[in-house]
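Report on the following structure.
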Amino acid sequence: RRWAHNIPTFSHLNSVNEEDIAHFSNILAPTSILSTLSSVSTPADDIAPYNIDWMGKYHGQANSVLRPRTTQQVSEIVKYCAQRKIGIVPQGGNTGLVGGGISLQKEIVLSLGAMNNVRSFDPVSGVLVADAGCILQSLSEYIAPHNHIMPLDLGAKGSCQIGGNVSTNAGGLRLLRYGSLHGTVLGLEVVLPDGTILDQLSTLRKDNTGYDLKQLFIGGEGTLGIVTGVSILTPPAPQATNNIFLALPRFDNVLPLFQTVKRQLGEIMSAFEYIDRTAYDMGLQHGLGPLLSADEVGDSQCFVLVETSGGNQDHDLEKLNSLLESLLTADEPLINTGVLSQSPTQFNSIWALREGLTECVQKEGKPYKYDVSVPLADFQNVVDAVRERMISKGLYGDHAISKVMGYGHVGDGNLHLNVIAKHGYRPELEAALEPFIYEIVADRKGSVSAEHGIGSMKRDALHYSKSEVSIEWMRKVKQVFDPLNIMNPGKVLP
Ligand code: FAD
Ligand code: S2G
Ligand code: ZN
């Protein structure tokens, strides 16, 4: 059964019928149309993946999925859906973690997966123009021979699409160094909810001519239009990348460590990631690591991964070695131990331990994921408060919530609090967690969503992080772009 989530009713929308399918067949090739309706009779197994999210938490009911190949086709589909008042859920790689890409009622799913051509790449400026359906990893591989890298990196790189990255304003592991997509995206091509093609696919670094409309679609989560093309500035590949993995005796050392590392590494620091002991032990149980021996780790309470990206391997290694040296020989060492990657293999296994946690969580059970911004000093006490809460409710243990852990992007103040339900999602578990977690985040003047967006999961929690006036003006913007409310209805805005 779909996860009850006070689903809004879409009395203003119509379901897809056979006539609609016949109309879509005039726009699209047969292979671009999946539908359980009899004229197409797509096997249930082929349409199911579009109706369930990556976590297995959100279940859609779309009876039809369209996979257009061109912007023009997207435009014609949207024009028709506007006339027929059919809701549209734009879907990229379906790795989103807040239910944003899953239908709530009978909306049609418009998958960008078949729009996956690179349109241009300029190896001098680093400007890449690509169809929205290009997979992040494929784009990385496309520009690597030209000594460039994508300005974002996330564990979902093998499936997530650049159009989905833009629409969720994805953060990820490189934000600390290369900034957010609000800065690196130079232009977008968007099909608006009336079918109009808004071509702002600029490759200019500077274009200060009027309102910067593209910013609305970065993080718009498909509610204001469908991103069909992305122009993004890709940085030159660093000459030298290294990483170190540090074991800390207690969480409180993370803050002074962050200051020390920033000061000593300066501009070459490109990532500073955090893993608590529960997450670390879970990772090892599922075959990640081990990067340090058990007695080196001892009673370490948490771990930090630092990456450097610089211009000269010798220079960077010298900085890293003197950092490790100073950390280990200090009167009050901030770390128990640490390891500096000595080879690309070790470099990758250090990253694999951090990037692999999301998959491990899925193997442990069903996760309630709280991607929040809180003051760095509160990372641990927020995790502890949630664990205590579940204990006090008798909901902590293998019968209910088996693990509560924290990991995330320290440099961005972004904690990924994962609460794992060993035997699956249950309403009483969610009731114990929400709005409790949103309240403790709001008490700390944090954000209930640091990078994953709002989707349908946090639609009714938006007010914890945005004022009524802000939400009112977001509604006005939505009204201007999508007066019929056909574009990803029920997402983002309460
Ligand atoms: P989907 O899940 O398909 O869609 C996401 C949202 O965008 C939906 O609202 C959908 O309607 C909309 N959308 C998708 N494509 C378009 C389009 N072309 N036009 C308009 N709207 C569109 N996120 C982070 O920010 N940082 C991380 O470090 C991170 N790590 C992750 C690790 C793993 C293992 C997983 C599974 C997820 C992770 N995520 C992370 C979440 C997710 O990968 C990102 O939100 C990603 O940007 C979603 O891209 P997607 O193509 O899968 O989008
Ligand atoms: C990450 C993925 C989601 C999670 O790994 O940085 O964004 O909570 C997260 O595992
Ligand atoms: Zn993240």
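The values are calculated or read from the model by the stated rules, or taken from the named source; none is laboratory data. Computed from a predicted model, the values in this text were never measured in an experiment. In this analysis, Cβ positions are derived from the backbone assuming ideal geometry, glycine residues included, and neighbour counts consider all displayed protein chains.
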Go through the residues of the range 314-328 one by one and say whether even a single one is closer than 20 Å to Asp153 by Cα, among the acidic types (Asp, Glu) and either crowded, with 18+ Cβ neighbours inside 10 Å or at pLDDT 95 or above (or both).
no
Do we find a residue being within 16 Å of ligand 3 (Cβ to nearest atom), buried (at least 16 other Cβ atoms within 10 Å of the Cβ), hydroxyl-bearing (Ser, Thr, Tyr) and in a helix (DSSP H, G or I) anywhere in the range 343-358?
yes
Tally time: how many residues in the range 20-41 are assigned to a helix (DSSP H, G or I), in contact with a helix residue (DSSP H, G or I) (Cβ under 7 Å, 6 or more places away or on another chain) and either among the charged types (D, E, K, R) or over 13 Å from Arg67 (Cβ atoms) (or both)?
2
Among Gly408, Gly446, which is on the phi > 0 side of the Ramachandran plot and at pLDDT 95 or above?
Gly408
Could you count how many residues in the range 134-159 are hydrophobic (A, V, I, L, M, F, W, C), over 24 Å from Asp212 (Cβ atoms) and either touching a Ser or Thr at 6+ places or on another chain (Cβ under 6 Å) or in a helix (DSSP H, G or I) (or both)?
3
Only residues that are assigned to a strand (DSSP E or B) and under 27 Å from Pro290 (Cα atoms): list them for the range 219-256, please.
Ala240, Thr241, Asn242, Asn243, Ile244, Phe245, Leu246, Ala247, Leu248
Is it the case that some residue within the range 143-156 is buried (at least 22 other Cβ atoms within 10 Å of the Cβ), of a type in the set (Gly, Ala, Ser) and within 16 Å of ligand 3 (Cβ to nearest atom)?
yes
Residues in the range 218-235: is at least one among the acidic types (Asp, Glu), touching a residue at least 12 places away in the same chain (Cβ under 8 Å) and out of contact with any helix residue (DSSP H, G or I) (no Cβ under 7 Å at 6 or more places or on another chain)?
no
Would you mind stating whether Asn169 is within 14 Å of ligand 2 (Cβ to nearest atom), assigned to a helix (DSSP H, G or I), at pLDDT 95 or above and not acidic (Asp, Glu)?
no
Any residue at all in the range 447-460 that's touching a residue at least 12 places away in the same chain (Cβ under 8 Å), of a type in the set (Val, Ile, Thr), surrounded by 23 or more Cβ atoms within 10 Å (Cβ to Cβ) and in contact with a Ser or Thr (Cβ under 6 Å, 6 or more places away or on another chain)?
yes
Only one of Ser32, Ser39 is in contact with an Asp or Glu (Cβ under 8 Å, 6 or more places away or on another chain), surrounded by 12 or more Cβ atoms within 10 Å (Cβ to Cβ) and either modelled with pLDDT under 95 or over 14 Å from Glu107 (Cα atoms) (or both); which?
Ser39
Limited to the range 330-375, what total is found for residues that are over 20 Å from the mean Cα position of the chain (by Cα) and of a type in the set (A, V, I, L, M)?
6
Looking at the range 258-281, which of its residues are part of a helix (DSSP H, G or I) and either touching a residue at least 60 places away in the same chain (Cβ under 8 Å) or within 16 Å of ligand 1 (Cβ to nearest atom) (or both)?
Phe258, Thr260, Val261, Gln264, Thr278, Ala279, Tyr280
Taking the residues in the range 172-210 that are within 13 Å of ligand 1 (Cβ to nearest atom) and in a loop (DSSP other than H, G, I, E, B) as candidates, determine which candidate is nearest to the chain's Cα centre (by Cα).
Gly172
Looking at Leu288, Leu284, which is the one that is in contact (Cβ under 8 Å) with a residue 24 or more places away in the chain, out of contact with any strand residue (DSSP E or B) (no Cβ under 7 Å at 6 or more places or on another chain) and more than 20 Å from Leu328 (Cβ to Cβ)?
Leu288
Could you look through the range 268-301, keep only residues that are within 16 Å of ligand 3 (Cβ to nearest atom), among the hydrophobic types (A, V, I, L, M, F, W, C) and touching a Cys at 6+ places or on another chain (Cβ under 9 Å), and pick out the one that is nearest to Arg387 (Cα to Cα)?
Ala279
Answer from Lys369, Lys393 - the residue that is within 12 Å of ligand 1 (Cβ to nearest atom) and basic (Lys, Arg):
Lys369
Pick from Lys403, Lys363, Lys369: which is more than 15 Å from ligand 3 (Cβ to nearest atom), assigned to a strand (DSSP E or B) and out of contact with any Pro (no Cβ under 7 Å at 6 or more places or on another chain)?
Lys403
Looking at the range 129-170, which of its residues are among the hydrophobic types (A, V, I, L, M, F, W, C) and within 6 Å of ligand 1 (Cβ to nearest atom)?
Ala132, Leu154, Ala156, Cys160, Ala170
Output the number of the condition that Val410 fails; it satisfies all remaining conditions of (1) under 24 Å from Arg250 (Cα atoms); (2) of a type in the set (A, V, I, L, M); (3) more than 16 Å from ligand 3 (Cβ to nearest atom).
(3)
Give the residues of the range 416-433 that are outside any helix (DSSP H, G or I) and in contact (Cβ under 8 Å) with a residue 60 or more places away in the chain, sorted by residue number.
Asn418, Tyr425
Leu292 passes all but one of the listed conditions (1) surrounded by 15 or more Cβ atoms within 10 Å (Cβ to Cβ); (2) at pLDDT below 95; the exception is number (2)
